[in-house]
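A short worksheet on the structure shown next.
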Amino acid sequence: MVVTHLALELRFQGKKLRGFTCKLTRSAHGFLPESSWVIAAQVLLPYLVSGLGMVAAGILMDIVQHWEVFTEISEVFILVPALVGLKGNLEMTLASRLSTAVQATVVGFLAAVAAVVLGGLTRGRVDVIQAAILCASSVTTAFIAALSLGLVMVAVIIGSRKVGINPDNVATPIAASLGDLITLSLLAGVSSFFFCYRDMWYLPPVVCGLLLLLIPAWVIIACRSPPVREVLRSGWQPVILAMSISSIGGLILDKTVSNPDFEGMAVLTPVINGVGGNLVAIQASRMSTYLHYWSVPGALPFKMSGNCPGPCATFCSSDVNSKSARVLVIFVVPGHLLFLYTIHLLQGGHIAMTPTFVICYLSAALLQVVILLYVARLVVSWLWQRGLDPDNFSIPYLTALGDLLGTGFLALSFRLILMFGSTGTGV
């Protein structure tokens, strides 16, 4: 992705440096086909680090779910997947920090509107004060998280290239490991602040209005860079649609997290959603880099051309994308076992890791990742054939789908355990 955006910058400057770009791609990524061991070695550490970061985020969410603002304004839970996903959708596509600030402010506001609407539909009413708190919390959290995580992304990408590691393999998981924890912390702290001062009814609208008024300034500054101007012009559809999909997952979380029969949803949701989103983001990023190297937008390479690929072509063929998909699938079960064990140790038995629970959870996680990787193959190819850059469009769709599938499959797992009369979740 780094090379893609650098090449985009060069093309916008009118320099015909295709040969230089290819040489840069080869040196930056070593685009001689990577072996499965190389892919696994580069992905393993960031995967584990990001997973442990999401474990920390899950434990944090398990704590803050009992805070007064979360119990009184349960729609805050609807914001969680949308804002955490927004963080990933903006930072993983490597937009600039100022462009990200524009999109984060607008989409954060839209996420709050979606939460208010969904909450109003389920409750049958809308509380104006609570709606204002939701909007101010969402916009403030999205804005601060986007700016801070943009700096993290720049540091990770530069560091990866300096040590000769493929940024596609490490950037998105590391950003996500910090992003989930930072975003959830900000959301909990900011929403609690506005809730504590809810008697000052004018405070949330003023803060929200000030951040929205800053948008024209960010637009003017961001538009000075032609590539960023293009991202700012065409990058709205994926993040807004992704926010909408994630909000549905947030609605599922809102309806299950307070149910004693679903004890453990709060701590496990960030983990299953984050792991699935990170793995599919790596695959989408690698496929996009592969397409940029071997072809031009609108035409698929010969190995990827033909009819709609089936699951066997996605996971069992000999091409490099299938090889990386197999490696990522192999990581799912041992990784989640490690994360579950870590949660069990830190929670002190809060979740009883019975065989029934572990099997249901691992099945949900594995099914989620397999579906995501297959959809990634279809989505990236479809976008490329239509001349769209998968770096800018595919990751928001895929990570949002990961949030929806992860939350849905996790809720289904708890439901199945209850149906079979198991006490595996400690209930």
(request) Can you figure out the FRET efficiency of Val206 with Ser318, using R₀ = 60 Å and their beta-carbon distance, to the nearest 0.05? (result) 0.50
(message) Please list 3J(HN,Hα) in residue order for the range 111-128, calculated via the Karplus relation 6.51 cos²θ - 1.76 cosθ + 1.60 where θ = phi - 60°; whole Hz, with x for glycine and proline.
(response) 5, 5, 4, 4, 5, 5, 5, 5, x, x, 5, 7, 8, x, 7, 10, 8, 4
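Does the range 173-286 classify as rounded, prolate or oblate by the C-alpha gyration tensor (a ≥ b ≥ c root eigenvalues; a/c under 1.5 gives rounded; else a/b over b/c gives prolate, otherwise oblate)?
It is oblate, given that a/c is not under 1.5 and a/b is not larger than b/c.
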(request) Provide the gained length on full extension for the span Trp294 to Val49, in nm with one decimal, where the gain is 0.36 nm per separating residue minus the Cα-Cα distance. (result) 85.0 nm
(request) Could you sort 184-191, 273-280, 327-334, 125-132 so that the peptide with the highest average Cβ count within 10 Å comes first and the rest follow in order? (result) 273-280, 184-191, 327-334, 125-132
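Are there any trypsin sites (Lys or Arg not before Pro) in the range 354-427 that are in a DSSP loop and have at most 15 other Cβ atoms within 10 Å? List them by number.
Filter output for the range 354-427: Arg386.
Any read-out appearing in this document is the output of simple, stated calculations on the displayed coordinates, not a laboratory observation. Since this is a predicted model, take the numbers as computed values, not measurements. Here the Cβ is made from the backbone with ideal geometry for all residues, glycine too, and neighbour counts use every protein chain on show.
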